[in-house]
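> Just dropping this structure here.
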Amino acid sequence: NAGVTQTPKFRVLKTGQSMTLLCAQDMNHEYMYWYRQDPGMGLRLIHYSVGEGTTAKGEVPDGYNVSRLKKQNFLLGLESAAPSQTSVYFCASGLADRSYNEQFFGPGTRLTVL
Amino acid sequence: KQEVTQIPAALSVPEGENLVLNCSFTDSAIYNLQWFRQDPGKGLTSLLLIQSSQREQTSGRLNASLDKSSGRSTLYIAASQPGDSATYLCAGTYSSASKIIFGSGTRLSIRP
């Protein structure tokens, strides 16, 4: 099992450019999450999905869109990148059971917006 | 407001010592508490998950405890090794599998 994979690993964008980050999991998890991690801010939830075809906003959703057309994939889009979106982005997946929703993380995408 | 706090932010100990990392949470209505390890430039690796009905979980040299009444969880590392050097984060799940609150982590350094 590959677990949770993310592409790309690194990306540099100019302000105003768009891009899509791809997350894939092979554990048949219902829940998938997108986080950003910034120094001094910890991990913050951007968007999440409770199943194929569903998405919901997290703590910091502005400037991002997501889609989950297939159960194993969760895409994070930036329509018009801003320097404030420079961060490390992590995808995670887990079960829908709130008592046992062990989260599995991908290796991260380091994004720099100039 | 539900908050998860980890103190200290950084800790340095000599190799071989037993050590305890702390995690505190403000809302005791927690469904589970998960401990993660993060190496520099890497993603988070799940270490232990304690369900609210449990008091502790063990994996090798790691033991995690959960005390909902006091709002505390601890991660005990026995016989520390330089390879244990990493940032350790705790996270609590509330109300649903999407309501997960992370602590800011403790950066652990084990001196050879």
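A short reminder: the numbers here are calculations on the coordinates, not readings from a lab. In this text, all values refer to a predicted model and were calculated from it rather than measured experimentally. With ideal geometry, Cβ positions are generated from the backbone for all residues, glycine too; neighbour counts draw on all protein chains shown.
> I'd like to verify a number: residues in region A:1-33 that are under 13 Å from the mean Cα position of the chain (by Cα), of a type in the set (A, V, I, L, M, F, W, C) and farther than 14 Å from A:Val88 by Cβ, how many? Steps first, please.
Step one: of region A:1-33, the residues under 13 Å from the mean Cα position of the chain (by Cα) are A:4-9, A:19-25, A:31-33.
Going one step further and asking which of them are of a type in the set (A, V, I, L, M, F, W, C), we end up with A:4, A:19, A:21-24, A:32.
If we keep only those that are farther than 14 Å from A:Val88 by Cβ as well, we get A:4, A:19, A:22, A:24, A:32.
Here the count works out to 5.
> Which ones in region A:91-114 are polar (S, T, N, Q), crowded, with 16+ Cβ neighbours inside 10 Å and either touching a His at 6+ places or on another chain (Cβ under 7 Å) or over 16 Å from A:Leu75 (Cα atoms) (or both)? Give the derivation first.
Restricting attention to region A:91-114, the residues satisfying the condition of being polar (S, T, N, Q) are A:93, A:99, A:101, A:103, A:109, A:112.
Next, only the ones that are crowded, with 16+ Cβ neighbours inside 10 Å stay: A:93, A:101, A:103, A:109.
Across region A:91-114, the qualifying residues are A:Ser93, A:Asn101, A:Gln103.
> Only one residue in B:Ser73, B:Ser69 is surrounded by 20 or more Cβ atoms within 10 Å (Cβ to Cβ), among the small types (Gly, Ala, Ser) and either more than 10 Å from chain A (Cβ to nearest Cβ) or within 19 Å of B:Tyr94 (Cβ to Cβ) (or both), so which one is that?
Selected residue: B:Ser73, the only one of B:Ser73, B:Ser69 that is surrounded by 20 or more Cβ atoms within 10 Å (Cβ to Cβ), among the small types (Gly, Ala, Ser) and either more than 10 Å from chain A (Cβ to nearest Cβ) or within 19 Å of B:Tyr94 (Cβ to Cβ) (or both).
> Would you mind finding the one in B:Leu21, B:Leu47 that is closer than 30 Å to A:Tyr89 by Cβ, crowded, with 18+ Cβ neighbours inside 10 Å and within 14 Å of another protein chain (Cβ to nearest Cβ)?
One residue alone meets the criteria, B:Leu47.
> Within 11 Å of chain A (Cβ to nearest Cβ) and surrounded by fewer than 18 Cβ atoms within 10 Å (Cβ to Cβ): is that true of B:Ser28 in this structure?
On the way: within 11 Å of chain A (Cβ to nearest Cβ): no; surrounded by fewer than 18 Cβ atoms within 10 Å (Cβ to Cβ): yes.
Judged against the criteria, B:Ser28 is not a match.
> Determine the pairs where a residue that is closer than 16 Å to B:Gln57 by Cα, located within region B:13-42, has a partner that is among the basic types (Lys, Arg) and surrounded by 14 or more Cβ atoms within 10 Å (Cβ to Cβ) with Cβ atoms under 6 Å apart, the partner being 6 or more residues away or on another chain.
B:Tyr31/A:Arg98
> Hey, another quick one. State all residues of region B:66-94 that are free of Cβ contacts under 8 Å to residues at least 24 places away in the same chain and on the phi > 0 side of the Ramachandran plot; if no residue qualifies, say none.
Once the filter is applied, which keeps residues that are free of Cβ contacts under 8 Å to residues at least 24 places away in the same chain and on the phi > 0 side of the Ramachandran plot, region B:66-94 yields nothing.
> Which of (1) surrounded by 21 or more Cβ atoms within 10 Å (Cβ to Cβ); (2) within 11 Å of chain A (Cβ to nearest Cβ); (3) under 12 Å from the mean Cα position of the chain (by Cα) does B:Ile101 not meet, given it meets every other one?
(3)
> OK, next. Name the single residue, out of those in region A:1-21 being in a strand (DSSP E or B) and in contact with a Phe, Trp or Tyr (Cβ under 8 Å, 6 or more places away or on another chain), that is farthest from B:Ser104 (Cα to Cα).
A:Leu21
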